[in-house]
Every structure is written in C-alpha cells, then in structure tokens.
Amino acid sequence: MEIKRDALVFLDRWLNQPRRKPLVIRGARQVGKSTLVEQFAAARGLSLCEIDLERHRGLKGVFATLDADRICEELSVLAGRAVDAPGTLLFLDEIQAVPEAIEALRYLRQDRPSLPVVAAGSLLEFALDKARLSMPVGRITYLFLGPLSFPEFLGAVEPDLRAWLERFADTGELPATAHEKLLRRARQFCFVGGMPEAVAAYADGGSLPAASEVQRDILQTYEDDFAKYAGGRDLALMQEIFRRLPAVACRKVKYVNFSREARAREVKGILSLFRKARVCQAVESTDASGVPLFAGADPDVWKPLFLDVGLANHACGVDWRMLEALDATRFVNEGAIAEQFVGQELLYADGGFEEPRLAYWLREGAKSNAEVDYLLASGPEIFPVEVKAGKSGNLRSLRQFVLAKSPRTAFRLDANPQGRQTVSFSETGRDFSHELVSLPFYAARFLPRFCERERRDVRP
C-alpha cells in the first residue's frame, strides 16, 4: 500500500518558493526518502527523472566539471530525455556515491534556477569526509526525514483515529473510547515501528508476523552495510555494538556496556559512525541554565535513541504477545519502550526543518542521581518532560529539577487522559510551585504545540 507522508507538505512549500534551492533529503537508510520523492512527483504531475548515482558512479567526472550545461546534457543522454525540460523534477538518488554531485548542486541552482532538483542520501557525512568536500552552505535546502511518526502510522491503519488525535492536539478534548483505542494502537506501533516497509506489511493485512519479517530483513541490511561506514574497521565489533544499542537505548552511554573487551576509544569511534549514519540519535545532557538549550550541553554525556522503536523491540526479542502481556508499569520500565517512543516522536516534531536534536537533564550525586527524560524549549522557557507510560510513578527527578531550575510548567507523559494540577511543596526553607500537565504519551508528537500554549498561557 502507499503511505502518505506528512513531509509532502514540506515538499510543496519548497517547490513553490520563488528563490528555490536544490533540496537534499537526509535520513537513515530505508526510511522512505526515494518513495517520498516518487509520490510527490506523481501527486504534483511532475515528470520524474531519477538518476541512481550508486548505479552510475561513472558520472563522477561529469559532476566534477561543475558545468551545469554539460551535467544536464550527460544526464539527458542517460535518461533518454531532457532532464531540464519544463515540468521535470530531477532526482539524484544515493548522492553520497558521487560526492562531486553535492558540490555541483550550487551550479545547477545558479545556471538552471527553474529546474527543481532533489537529492537524497543516507551516508552523506561519510562521503564528505572521505572526499574532503563541504556542503554548499546557503545554497541548498535540507529536509530531515525519519521513520513514520505515530500519526502517520494511524493514517495508514486507522485514519479516523488520526483525526481524533489531531483534534485532541488542537482542543485538548478526547472521548474515553478514542483514548483507549489510541493506547492500543500505540502499543501496536511500539511493535511495528515506523519503517515504511514494516508499516505497509502490517497495514496490508494486519499481520504482525509480516511486519516482524520485514524488520529482520532491515536489521540484516544495516549490518551488511557496515563495510560502507568505515572500510577496514573491525566489522565484528561494529556488529556487537549495533546489536547492543537497542538494549541500552535511553541510558547514559557507558562504553563498557557495549563491549567489555574493546577499548573505550574504539567503541566511541563506532558510536560516532552510527550517529552519522543516523542508526542512533544522541539525547544530549545539558545543564538547562537557559536557552539555547544546547549551549550548556556536555558532549561526553549523552544517551542513545535507536533508529526506530519497532526495530529496537525486534532486536531485543520482544514479540507482540510480550507487549500485550506487560502491565502498564512494566511497559515503560522494561526496555525504556515508552521513552524511545516519545524521543522518536520528538526528534522530527518540527516537520524535518532542523537537524534533529534532543536534550535531557542529569544530576549525578554521590548517593543518588536525578534525571529528567527530555527538555524542550519554547521561547525563553524550558519545559521538563518525564515519561511514565503507566498510570502512576514517582516524579522524584522532576522535583529535583524544580528545586534547581524553578520551571513554571512541567509535563508528564503517561497512560492517563489529559490532566492538570498545581504542585506545591516546601524544601530548604523555600516554597516551590509549578503546573504539572499530564498528557497521554501517544500525543508526544504534538508536545511542542502544548509547550507553546503554556508559554503564551493559551489553553485549549
């Protein structure tokens, strides 16, 4: 089945810009970059001219000329039609295979401004490092694409339920029956995940085993690609770390947790490669002293999110029957499933306009630690976010954050319907008070919208 992506709105906006730049879609392998472009061209009635540069590495010399006339001429011969004809969308897929094409984008914009050009690549950082090239800064537009979000998943399996979720994001109102259905669908999403092929396999027949087979193939494909990441690096160590990543997701990185035999420097290097390939994303520790959030980030303290919650659960051996059997409390505590779910939703909540980044707060003490799962900023305010997928759970770390930073509002994402309360307490001779807003964790994609309302004191 064809799954509609929200990023089509981004592409529409890009295409209609009067001073349009070439668009580079960045994302991990198999998140649907090529399919997105094909769907966009078909929906807008554009003639798609797709050139797979992995299959045509011989074009390296052509792009190295940086001559737009010659580039278009050679591509036209290859395609059997004029690639710069009106109504054509030129798509350079797997552009990392020919890094010279990345530099050539600025000249295509300069000499063919009316030609819409889209490029996509999964390992751009590696290609740029090896070729010692740089992106044409200011002359291209980026779209950061991740796996399907939970709302997109709903759009594929139960569109009416997505409409209820969208309405909740706007009004804060949701019938109890819709809430229960959304909780169940969220559990399904934790198993199926957001990789388009897995979602399609599930949506076509509601078969969870079919989705699992796709996940197995995707994970194997990633392992097969490791040689492209680092050439002569120890592939066995890469495989070991890759297989450990899902089990240690959402926990502060300690290199010994990935391998007890490898040196920390080796593990650190491979994790850096995986971050470049977007196999994992870093949630960065920050002192939350003010905005911008990442000004106070510690580059050596971070916790990983795996590429996709469904792939993570499959890699950890979690099957559908196990997820169904877990009670609400164990659902979050075993494997940090809900925290991965929420982080995955927040990474691309802005629609792919900015490089995905997330922050959290960690205070380590001699006797006890305090950790707030995520921090979001809206204007000058910082909002702490705790994830509790069950219907209860203590908020000790959140209390420590309030003592240290005095936020006006905090969020708790859990399995309950939306709620709100004023929390007041006294400690060290001082009085503290903050608003605690509870939201169902399946609404994580819309959390920035709720933060903005809180900042402006506008409540649905």
Confirm whether residue 105 is open to solvent by less than 20 Å² (accessible area, probe 1.4 Å) and touching a helix residue (DSSP H, G or I) at 6+ places or on another chain (Cβ under 6 Å).
-> no
Taking the stretch 201-230 as the region of interest, how many residues are under 21 Å from the mean Cα position of the chain (by Cα), within 13 Å of residue 123 (Cβ to Cβ) and not aromatic (Phe, Trp, Tyr)?
-> 1
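Being crowded, with 19+ Cβ neighbours inside 10 Å, at pLDDT 95 or above and of a type in the set (Val, Ile, Thr) is the requirement here; does residue 279 meet it? Let's see the steps before the verdict.
Details: crowded, with 19+ Cβ neighbours inside 10 Å: yes; at pLDDT 95 or above: no; of a type in the set (Val, Ile, Thr): yes.
It is false that residue 279 is crowded, with 19+ Cβ neighbours inside 10 Å, at pLDDT 95 or above and of a type in the set (Val, Ile, Thr).
Given 168, 226, which one is touching a residue at least 60 places away in the same chain (Cβ under 8 Å) and out of contact with any Asp or Glu (no Cβ under 9 Å at 6 or more places or on another chain)? Show your work before the answer.
On the way: 226 fails: touching a residue at least 60 places away in the same chain (Cβ under 8 Å).
Only one candidate qualifies: 168.
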Examine the stretch 270-278 for a residue that is part of a helix (DSSP H, G or I), touching a residue at least 12 places away in the same chain (Cβ under 8 Å) and among the hydroxyl-bearing types (Ser, Thr, Tyr), and state whether such a residue exists.
-> no
Checking residue 417 against (1) open to solvent by less than 70 Å² (accessible area, probe 1.4 Å); (2) touching a strand residue (DSSP E or B) at 6+ places or on another chain (Cβ under 7 Å), the condition it does not meet | (1)
Would you call residue 315 closer than 27 Å to residue 359 by Cα and at pLDDT below 90?
-> no
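When the stretch 394-447 is examined, which residues are found to be part of a strand (DSSP E or B) and hydrophobic (A, V, I, L, M, F, W, C)?
410, 411, 413, 423, 425, 432, 436, 437, 439
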Considering (1) over 23 Å from residue 110 (Cβ atoms); (2) in a helix (DSSP H, G or I), say which one residue 62 fails and leave the rest.
-> (1)
Pick from the stretch 78-90 the residues that are over 19 Å from residue 139 (Cβ atoms) and touching a helix residue (DSSP H, G or I) at 6+ places or on another chain (Cβ under 7 Å): which of them is surrounded by the most Cβ atoms within 10 Å (Cβ to Cβ)?
-> 83
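So that you can scan it fast, the table gives a plain yes or no per residue for (1) modelled with pLDDT under 95; (2) over 23 Å from residue 357 (Cα atoms):
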residue	(1), (2)
82	no, yes
90	no, yes
99	yes, yes
103	yes, yes
137	yes, no
Only one of these conditions is not met by residue 75: (1) assigned to a helix (DSSP H, G or I); (2) touching a Leu at 6+ places or on another chain (Cβ under 7 Å); (3) open to solvent by less than 50 Å² (accessible area, probe 1.4 Å). Which number is it?
-> (2)
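Do the conditions hold for residue 70, that is, is it at pLDDT below 95, out of contact with any Asp or Glu (no Cβ under 7 Å at 6 or more places or on another chain) and open to solvent by 60 Å² or more (accessible area, probe 1.4 Å)?
Values: at pLDDT below 95: no; out of contact with any Asp or Glu (no Cβ under 7 Å at 6 or more places or on another chain): yes; open to solvent by 60 Å² or more (accessible area, probe 1.4 Å): yes.
Against the criterion (at pLDDT below 95, out of contact with any Asp or Glu (no Cβ under 7 Å at 6 or more places or on another chain) and open to solvent by 60 Å² or more (accessible area, probe 1.4 Å)), residue 70 does not qualify.
Look through the stretch 282-313, keep the residues that are charged (D, E, K, R) and open to solvent by less than 10 Å² (accessible area, probe 1.4 Å), and return whichever of them is nearest to the chain's Cα centre (by Cα).
This residue is 308.
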List every residue pair whose Cβ atoms sit under 7 Å apart, with the two residues 6 or more apart in sequence or on different chains, where the first one lies in the stretch 233-251 and is part of a helix (DSSP H, G or I) and the second, anywhere, is of a type in the set (D, E, K, R).
-> 237/266; 239/223; 242/223
Quickly run through the stretch 430-452 and pick out the residues that are in contact with a Pro (Cβ under 7 Å, 6 or more places away or on another chain) and more than 18 Å from residue 401 (Cβ to Cβ).
-> 440, 445
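Can you tell which of 50, 2, 38 is open to solvent by 50 Å² or more (accessible area, probe 1.4 Å), at pLDDT 95 or above and closer than 23 Å to residue 151 by Cα? If you could, list the steps in order and put the result at the bottom.
Values: 50 fails: closer than 23 Å to residue 151 by Cα; 2 fails: at pLDDT 95 or above.
Exactly one residue qualifies, and that residue is 38.
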Would you check if there is a residue in the stretch 91-98 being part of a loop (DSSP other than H, G, I, E, B), open to solvent by 10 Å² or more (accessible area, probe 1.4 Å) and touching a strand residue (DSSP E or B) at 6+ places or on another chain (Cβ under 7 Å)?
-> yes
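One line per residue, one yes/no per condition, for (1) on the phi > 0 side of the Ramachandran plot; (2) open to solvent by 10 Å² or more (accessible area, probe 1.4 Å); (3) in contact with a Ser or Thr (Cβ under 8 Å, 6 or more places away or on another chain):
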| residue | (1), (2), (3) |
| --- | --- |
| 211 | no, no, no |
| 215 | no, no, no |
| 219 | no, yes, no |
| 240 | no, yes, yes |
| 253 | no, yes, no |
| 260 | no, yes, no |
| 272 | no, yes, no |
| 275 | no, yes, no |
Note: among 19, 13, just one is more than 13 Å from residue 90 (Cα to Cα), modelled with pLDDT of 95 or more and open to solvent by 70 Å² or more (accessible area, probe 1.4 Å), namely 13
Tell me, which residue of the stretch 386-425 that is touching a helix residue (DSSP H, G or I) at 6+ places or on another chain (Cβ under 7 Å) and among the aliphatic types (A, V, I, L, M) is modelled with the lowest pLDDT?
-> 389
Does residue 191 satisfy the criteria of being at pLDDT below 95, touching a helix residue (DSSP H, G or I) at 6+ places or on another chain (Cβ under 6 Å) and open to solvent by 10 Å² or more (accessible area, probe 1.4 Å)?
-> yes
Does residue 366 satisfy being aliphatic (A, V, I, L, M), modelled with pLDDT under 95 and surrounded by 21 or more Cβ atoms within 10 Å (Cβ to Cβ)?
-> no
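The values are calculated or read from the model by the stated rules, or taken from the named source; none is laboratory data. Given the structure is predicted, the values throughout are model-derived calculations rather than measurements. Every residue, glycine as well, gets a Cβ built from its backbone with ideal geometry; the counts of neighbours run over all protein chains shown. Heads up: the accessible areas ignore ligands, DNA and RNA and are worked out on the full protein's heavy atoms, side chains in. Shrake-Rupley method; radii C 1.70, N 1.55, O 1.52, S 1.80 Å.
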